[in-house]
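Working notes, structure below.
Derivation of every value follows stated rules applied to the coordinates shown; laboratory data play no part. This structure is a prediction, so every number in the text was calculated from the model and none was measured. Cβ sites come from the backbone with ideal geometry, for glycine too, and all protein chains shown count toward neighbours.
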Amino acid sequence: MSANDPGDLHRLFIDAVNAHDLDAVMALFEPDPVGVDLDGNTLHGGAAMREFLGGFLSVTRRLEGQTRKVILAGDLALISSNWRAVIATPAGSSVTSEGTTAEVARRQADGTWRFLIDDPQFLHESVSEAKS
């Protein structure tokens with residue numbers, strides 16, 4: 001599962017999350033990505049992203065979303081989406097969470113695109129407020 005266009009990344013991410021396929025999700029990221037978890041903590045590296053995304057997959061019953069914008073600058077792309085997830089609570093009920101993302105993707109040597117930076121709640125917190 002490869003993104004031949006940066007605009008494909010969100011659809012592929014949603015498909016992989018809904019399939020609960022962590023390996024497919026991680027294949028959409030560069031080996032050393034930077035991300036932000038839902039508490040605003042900055043994550044560095046593939047292992048940290050895998051741990052966060054594995055936890056997200058374990059409680060996510062359904063994810064949907066739509067790409068809002070793609071801005072290209074050579075081998076980089078700034079992309080954003082609106083998303084909504086149905087999340088399982090410890091009590092067994094469901095809650096809905098939603099957000100607006102900001103990601104930077106980079107074109108790979110083979111022409112495909114992968115996420116380099118991912119913030120799933122970009123509009124919920126300013127950069128100066130983010131925890132590192």
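Order by neighbour count: Val104, Val17, fewest other Cβ atoms within 10 Å first, most last.
Least crowded to most crowded, the residues run Val104, Val17.
Determine the gain in length on full extension of the stretch Ala88-Leu76; use 0.36 nm per residue of separation and subtract their C-alpha separation, reporting nm with one decimal.
0.8 nm
Mind pulling the per residue volume of the convex hull built on the Cα atoms of region 6-125? Å³ is fine.
97
As a test of the formula, what do you get for the chain when each DSSP H run with n ≥ 4 contributes -39,500 (n - 2.57) and the sum is divided by the residue count, at 222 nm and rounded to the nearest 500 deg cm²/dmol?
So the calculated ellipticity at 222 nm is -6500 deg cm²/dmol.
Helix 9-18 versus the longest principal axis of the chain: what angle, 0 to 90°, nearest 10, using Cα atoms?
Orientation of helix 9-18: about 30 degrees from the principal axis.
Once both axes come from the Cα atoms, what is the angle between helix 46-59 and the longest principal axis of the chain, in degrees from 0 to 90, rounded to 10?
Between helix and principal axis, roughly 40 degrees.
Give the long-range amide H neighbours of Asp5: residues separated by 5 or more places, or on another chain, with amide H under 5 Å away, using H modelled in the peptide plane at 1.01 Å from N.
Trp113
Using Cα-Cα distances under 8 Å and only pairs 6 or more residues apart, what relative contact order does the chain have, in percent?
27
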